[in-house]
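**Q** Sharing a structure, written as structure tokens. Questions coming.
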Amino acid sequence: MKKILTIVGARPQIIKAAALSRVIRNQFSDVLQEKILHTGQHYDDSMSAVFFRELGIPQPDFQLSVGSGSHGQQTAKMLEGIEKVLLDEAIDALVVYGDTNSTVAGALAASKLRIPVVHIEAGLRSFNKSMPEEINRILTDHVSSLLFTPTQTGLRNLVKEGFNPGSKPPFSADNPGVFHCGDVMYDNSLFFASKAIQHETIFRDLGCSSGNFALATIHRDNNTDQVERLQSIFTALLHIAEEKSMPIILPLHPRTKARIQQSKGDTLFDKVNASPNIHIIEPASFLQMIALEKNAAIILTDSGGVQKEAYYFGKPCVILRPETEWVELITAGAAVLADADTGRIIGGYEHLIGKDLSESPGFYGDGNAAVFIAETIIGLLK
């Protein structure tokens, strides 16, 4: 029996981990034992614990509870805690997801102990190294023994950086295995789509009907921590809600909520709070988000995961960032980059609203990425 340690710390990682955990539990429990370590990067119940309960993921075996702090503080605390668990538990391989501080801390701790690192969602690049996430992605990829990329674009990025998708086992950090396998988030969206139907009360209770509201999410620090950018985004949302008569549902991330509360007395935010067409709600659970995404007319977001989920459900997306790792969405005409520019956000909305995406190509696999990943990990550890 081989033992792997899965590192999670933020909401998207918990959701992604559900797919692999489910497959290991249902199909490979005789050869793989999974332990889960939660760094506590997202520590609010609405952003963390609720997802374990809702998605049927075993509760974490280890909880570091690092909380908030600077990038250096967070990463240092994680490194120390993860290293101790790796040594105490005699872990055979470490699994990390995406691009957070939890991801890079796990990868660094394991690689220095010569424990194979498995990076799920490898190869994504924004080509903007001012983003902490970009640094985390690159560093993690370059110390990993197995790299699983969800898209052909990700695979091309890795090839440009010198990775060889034709490499043969045995795999190691010096001879990594590189695989285009599809997206575990797509696995989850297919698996949980039917279960999300019972959560459609979340928009109906607000007086919204299916196909007649916009869904918006804002959480990235370069949007929430810069007042001018946040004001530009909310000016566009207010225009869409009031001038275009499009109800907007905004599940409010704790960081965004804190910034708005700090801006009390600001005429713009007072108008947003007072608008009958903007429904500000608590952070949504995964199944609630699927229900909202499936029934929205359009989605406006700075979240990478929500961009993809919009595409899974055939919804056009206005991206509130200057770039995206999911460039195929732009190429397919399913999304536009609007950054935090009021005019571009409104223009993107006008361009995409009502667009039919039913014939869009399938970029993200066949819903069986987690099975392929588990089988490949087992091969690595034989």
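Only the coordinates and a few stated rules stand behind these numbers; no lab work does. Small disclaimer: the values here were computed from a predicted structure and weren't measured. So basically every Cβ, Gly included, is an ideal-geometry build from the backbone, and we count neighbours across all protein chains shown.
**Q** Tally Lys and Arg at +1 and Asp and Glu at -1 over the other residues with C-beta under 15 Å from the C-beta of residue 213: what net charge comes out?
**A** That works out to 0.
**Q** Let me ask something else about it. Tell me which GluC sites (Glu not before Pro) from region 243-346 have a DSSP coil assignment and no more than 12 other beta carbons within 10 Å of their own.
**A** Within region 243-346, the qualifying GluC sites (Glu not before Pro) (loop, at most 12 other Cβ atoms within 10 Å) are 243.
**Q** Run the helix sum for the chain: -39,500 (n - 2.57) per DSSP H stretch of 4+ residues, divided by residue count, reported at 222 nm to the nearest 500 deg cm²/dmol.
**A** It comes out at -13500 deg cm²/dmol, rounded to the nearest 500.
**Q** Give the cross-link partners of residue 160 among the lysines, using a straight C-alpha distance below 21 Å as the criterion and excluding same-chain residues fewer than 8 apart.
**A** Reachable lysines: 129, 168.
**Q** While we're looking at this one, here's another question. Using only the C-alpha atoms of region 43-186, find the volume of their convex hull and express it per residue in Å³.
**A** Convex hull volume per residue, Cα atoms: 126 Å³.
**Q** What does the net charge come to around residue 200 if you take all other residues with beta carbon closer than 14 Å to its beta carbon, with K and R at +1 and D and E at -1?
**A** Net charge around residue 200: +1.
**Q** Next question. Between residue 313 and residue 112, how many nm apart are label points set 7 Å from Cα along the C-beta direction?
**A** About 4.2 nm separates the two model spin labels.
**Q** Taking the Cα centre of the chain as origin, sum charge times position over the Cβ atoms of Lys and Arg (+1) and Asp and Glu (-1), and report the length of that vector in debye to the nearest 20.
**A** Dipole magnitude for the chain comes out near 400 debye.
**Q** Sticking with this structure for a sec: For labels at residue 243 and residue 271 in the simple 7 Å Cα→Cβ model, what's the distance in nm?
**A** 1.0
**Q** Restricting the calculation to Cα positions, tell me the Rg (one decimal) and the Dmax (whole number) of the chain in Å.
**A** For the chain, the Cα radius of gyration and maximum Cα-Cα distance read 20.4, 63 Å.
**Q** Starting from a Cα-only point model with no solvent, please compute log10 I(q)/I(0) by Debye for region 194-352 at q = 0.09, 0.11, 0.12 1/Å.
**A** The Debye formula, applied to the Cα set alone, gives -0.25, -0.38, -0.45.
**Q** Relative contact order for the chain using alpha-carbon pairs under 8 Å, separation at least 6, rounded to a whole percent?
**A** 16
**Q** Moving to a separate point now. Output the pairs from 2/84; 35/257; 195/294 with a Cα-Cα distance over 23 Å in this structure; if there are none, say none.
**A** As for pairs spanning more than 23 Å Cα to Cα, those are 35/257.
**Q** Report, in debye and to the nearest 20, how large the dipole of region 194-352 comes out about its Cα centre when Lys and Arg carry +1 and Asp and Glu carry -1 on their Cβ.
**A** With only Lys, Arg, Asp and Glu charged at Cβ, the dipole is about 300 debye.
**Q** Full extension from residue 330 to residue 59: what is 0.36 nm times the residue separation minus their Cα-Cα distance, to one decimal in nm?
**A** 93.8 nm
**Q** Among the aspartates and glutamates, which fall within straight-line cross-link reach of residue 112, defined as a Cα-Cα distance under 20 Å, with same-chain neighbours fewer than 8 residues apart omitted?
**A** 80, 83, 88, 89, 92, 99, 141, 174
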